[in-house]
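Asks: My questions all concern the structure below.
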Amino acid sequence: MSQKPMKNLFTISTRSKRIAILALAMAMFITTTSLVLFDGKRKTVSLALNGKQTELHTKAATVEELLASQDIQVKKHDHLEPSMNTPIKNGLAIRWEQANKVTIDVDGKKKEMWTTERTVRDVLKTANIDVDTHDAVKPDLAASISSNQPITVEKAFQVTVKDGGKESTHWSTSTTVADFLKEQNIRLNDLDKVEGDSKAKLTTSNATINIARVEKVTDVVEETENFKVKTKADPKLLKGREKVVQEGKKGKVQRKFEVTKKNGKVVSRELVSETVIEKPTHKVVSVGSKVMVASSNSKSGNVGVSRNDAPSGGREFYANASAYTAYCNGCSGKTATGIDLRANPNLKVIAVDPNVIPLGSKVWVEGYGYAIAGDTGGAIKGNRIDLHMATKAEAYQFGRRQVKIKVIN
């Protein structure tokens, strides 16, 4: 075989390889150039979505095209900056805040609003709702907002509490008295009472709570027991006279009371039991029932009629004397000792003060004679006596005078 054909084959093979390499190089150049040209059309922008920052390379011409490429739908109440038709430029900052619908309830008054604020505090601020320290807000002011978020605000008001007579003031959002007491940790004992209905609603115009503190205590005391005075008739004792047969003595008794106090003041005191420690001794008094019969006959052993002869013995003193008859105004005719003066007009009887002259005493009166102290009178006090006369003429004739008197017995 000749060497020439072999040389041609080698030359052809080498040439083919060069052509292939050249074609590959051209293809790579074209591809690289296309990529460079393509990347040259992309722009770098920053995108803040609901506060989350990201960076994008985009060939979108407008903000609207960019958001559409990211499947972001901008609704009516959303906040977008800049606007949808803004051209895309390198370094453009785009911010999109998605709006949420919230319902705000302030003391039962509701309103709905769309907001792009992210916290409860910012939403209320945007809605011009002032919140004080004592107000109750749900959720918390720092809580994040979600779709269809309900926000409740209970405005606090001052409540005056009169507890057992002591007054204090509190801030509260409680709707009823019962809730308020629970909120303030005010405990009621079994007997304590809240005036009015504890389930009643509290309002700014009706924010006073009255609590009556009621307690029951046992009080044991030792007291004296008065004795009774018992009387018995004594036929041997002249009517009108009394004689103490037995002196009285007080006893002792222990009494147990249940005392109810309201706000520290006693409102009731009920006797529960009593125990006699020492019985009282009753006083016994004999009351005379003997009727004294007076007579004008001195020999009968009763009262004499002498007007001038003074007896030698007896207690002697001077008294202011007046006279009366059995028929005087207001007179019954019977004396305090039971003597019937109308039936016996000539009897010598004088009215006396029993503390000075005991009833039933035999007396001698100057100018009147012997008589018996058998009557009393409302005006007869001290050293004053009233002499019984048979007729008004005699009574007028005697008039008033000072006389010597002797109490014989």
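The values are calculated or read from the model by the stated rules, or taken from the named source; none is laboratory data. As the structure is a computational prediction, the values presented were derived from the model and not from experiment. Note that we place each Cβ from the backbone using ideal geometry, even for glycine, and neighbour counts take in every protein chain shown.
Asks: What number of residues within region 155-187 are assigned to a strand (DSSP E or B), surrounded by 15 or more Cβ atoms within 10 Å (Cβ to Cβ) and among the hydroxyl-bearing types (Ser, Thr, Tyr)?
Replies: 1
Asks: Can you work out which of the residues in region 137-146 that are outside any loop (DSSP other than H, G, I, E, B) and either free of Cβ contacts under 8 Å to residues at least 24 places away in the same chain or over 30 Å from Trp114 (Cβ atoms) (or both) is farthest from the chain's Cα centre (by Cα)?
Replies: Going through the qualifying residues, I end up with Lys138.
Asks: May I pose another question? Of all residues in region 362-379, how many are buried (at least 21 other Cβ atoms within 10 Å of the Cβ) and part of a loop (DSSP other than H, G, I, E, B)?
Replies: Summing the residues that are buried (at least 21 other Cβ atoms within 10 Å of the Cβ) and part of a loop (DSSP other than H, G, I, E, B) in region 362-379 gives 1.
Asks: Can you list residue pairs whose Cβ atoms sit under 8 Å apart, with the first residue in region 397-409 being in contact (Cβ under 8 Å) with a residue 60 or more places away in the chain and the second being exposed (fewer than 12 other Cβ atoms within 10 Å of the Cβ) and hydroxyl-bearing (Ser, Thr, Tyr)? Count only pairs 6 or more apart in sequence or on different chains.
Replies: Gln402/Tyr318; Val403/Tyr318; Lys404/Tyr318; Ile405/Tyr318
Asks: Sticking with this one: Mind checking whether some residue in region 248-255 is exposed (fewer than 12 other Cβ atoms within 10 Å of the Cβ) and either in contact (Cβ under 8 Å) with a residue 24 or more places away in the chain or not aromatic (Phe, Trp, Tyr) (or both)? Quick ask: steps written out before the conclusion?
Replies: Within region 248-255, the subset exposed (fewer than 12 other Cβ atoms within 10 Å of the Cβ) is none.
There is no residue in region 248-255 that is exposed (fewer than 12 other Cβ atoms within 10 Å of the Cβ) and either in contact (Cβ under 8 Å) with a residue 24 or more places away in the chain or not aromatic (Phe, Trp, Tyr) (or both).
Asks: On to the next question. So, of the residues in region 231-274 that are more than 27 Å from the chain's Cα centre (by Cα) and acidic (Asp, Glu), which turns out to be farthest from Leu359 (Cα to Cα)?
Replies: Going through the qualifying residues, I end up with Glu274.
Asks: When region 372-401 is examined, which residues are found to be within 17 Å of Leu341 (Cβ to Cβ) and hydrophobic (A, V, I, L, M, F, W, C)?
Replies: Ile372, Ala373, Ile380, Ile385, Leu387, Met389, Ala390, Ala393, Ala395, Phe398
Asks: Could you please give the count of residues in region 30-71 that are part of a loop (DSSP other than H, G, I, E, B), at pLDDT 90 or above and within 21 Å of Ala99 (Cα to Cα)?
Replies: 0
Asks: Now for a different question. Name the pairs whose Cβ atoms lie under 6 Å apart, with the first residue in region 232-243 and assigned to a strand (DSSP E or B), the second hydroxyl-bearing (Ser, Thr, Tyr), and 6 or more positions between them or separate chains?
Replies: Cβ pairs passing all conditions: Lys232/Ser286; Ala233/Ser289; Asp234/Ser286; Pro235/Ser289; Leu237/Ser286; Lys243/Ser286.
Asks: State which residue is nearest to Ile145 (Cα to Cα) when the search covers only region 109-129 and only residues that are in a loop (DSSP other than H, G, I, E, B) and among the aliphatic types (A, V, I, L, M).
Replies: Our first condition is that a residue be in a loop (DSSP other than H, G, I, E, B); within region 109-129, this holds for 116-118, 127-129.
If we keep only those that are among the aliphatic types (A, V, I, L, M) as well, we get 127, 129.
Working: Ala127: 14, Ile129: 16 Å.
Among those residues, the one meeting the criterion is Ala127.
Asks: Residues that are acidic (Asp, Glu), in contact (Cβ under 8 Å) with a residue 24 or more places away in the chain, surrounded by fewer than 14 Cβ atoms within 10 Å (Cβ to Cβ) and over 30 Å from Gly377 (Cα atoms): does region 222-231 have at least one?
Replies: yes
Asks: Counting only residues that are within 19 Å of Asn355 (Cα to Cα) and assigned to a loop (DSSP other than H, G, I, E, B), which one in region 380-404 is farthest from the chain's Cα centre (by Cα)?
Replies: Asn383
Asks: Could you list, in sequence order, the residues of region 147-192 that are of a type in the set (Val, Ile, Thr) and touching a residue at least 40 places away in the same chain (Cβ under 8 Å)?
Replies: Within region 147-192, Ile151, Thr152, Val153, Val159, Thr160, Val161 qualify.
Asks: Additional query: Mind listing whichever residues of region 76-106 are surrounded by 15 or more Cβ atoms within 10 Å (Cβ to Cβ) and within 48 Å of the chain's Cα centre (by Cα)?
Replies: The initial filter retains those residues of region 76-106 that are surrounded by 15 or more Cβ atoms within 10 Å (Cβ to Cβ), namely 78, 80, 86, 88, 92, 94-100, 102, 104, 106.
If the condition is that a residue be surrounded by 15 or more Cβ atoms within 10 Å (Cβ to Cβ) and within 48 Å of the chain's Cα centre (by Cα), then Val102, Ile104, Val106 are the ones that fit.
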